[in-house]
Amino acid sequence: ACPDAPAAPEGVEELPGQGLRAGAVRLGSAPFIGLAQEDEGQTLWLDRPGLSPVPFRFADRLRPDAAAAVAALAGLGLPSELLSGDAAPAVEAVAEATGIGPWQARATPAAKAERIAALVVAGHRPLMLGDGINDAAALALAHVSATPEGATDLAQTVADLVLRGEGLSALPYAIRVARRAQRLARQNIGFSLIYNMVAIPCAVLGYATPLIAALVMASSSIIVILNALRAGRAPA
């Protein structure tokens, strides 16, 4: 927007969930610069000594498949919850547009992490999806965490899963693949137990010749491998 503007000065300090500070100059939320008013949406305030605070108002553009991804997660039995550091009106609008039920505005990085920790203590296994520096602590505490491809380096480093592309539809697909792989693994374990319960007594009693034993062993391994390969054919 301002290509001729000078670069940021050295010594800029970031206060997570609040804003940036460079000496007496501050850029961040209204409370951070000392304003009593509540921001109506996504607003950053620039405060400079001797000058009136200047607001910069922003609006997020939802990812095209955000609502579809939330609906797909609900279809998998996974309810969604929105934690955001933005003001209530902006968070409420996003929650309504995507079909997310519970939402929390003005959530600091510590508040996000505390919510994830509370879910874990309650016996849940939360999946955290986040893309910013302020999400890193919560991503690290979640049972499993994911982040879009365009997320910050810190978020991608902490997350267990990085979604390729800008869409979110890969997340419910990954969950379906993981569940299918788990079912197939259990099937293979069950097959192996039954196989050993039958094959070992037959071998001990002398009913299986070396040739038959070799054929049965090879065929059982092939069956397990072919069954495992079905995990890659989960519905999109």
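Please treat every number below as a calculation from the coordinates, not as lab data. Computed from a predicted structure; not experimentally measured. Here Cβ is always computed from backbone atoms with ideal geometry, including for glycine, and neighbour counts include all displayed protein chains.
Things worth noting here:
- Across segment 199-209, rounded Karplus estimates of 3J(HN,Hα) from the backbone phi angles (6.51 cos²θ - 1.76 cosθ + 1.60, θ = phi - 60°) give 6, 5, x, 4, 5, 5, 7, x, 7, 10, 6 Hz, Gly and Pro being marked x.
- The helix-only estimate of mean residue ellipticity at 222 nm for the chain, built from DSSP H runs of length n ≥ 4 each weighted as -39500 (n - 2.57), is -14000 deg cm²/dmol after division by the residue total.
- Relative to the longest principal axis of the Cα atoms of the chain, the long axis of helix 109-121 makes an angle of roughly 30 degrees.
- Using alpha-carbon coordinates, inclination of helix 66-75 to the longest axis of the chain, degrees: 40 degrees
- Under the combined filter of DSSP loop state and at most 10 neighbouring Cβ atoms within 10 Å, segment 112-202 retains these trypsin sites (Lys or Arg not before Pro): Arg164.
- Spherically averaged projected area in nm², based on the convex hull that wraps the Cα atoms of segment 1-60: 5.0 nm²
- Answer label, with Rg/Rh (Cα atoms, Kirkwood Rh) calculated from the coordinates and candidates (i) 0.92; (ii) 1.20; (iii) 0.96: (ii)
- Under 5 Å from the amide H of Val25 lies no amide H of any residue 5 or more positions distant or on a separate chain, with H modelled from the backbone and absent for Pro and chain starts.
- Separation of alpha-carbon centers, segment 77-105 and segment 191-225, rounded to whole Å: 55 Å
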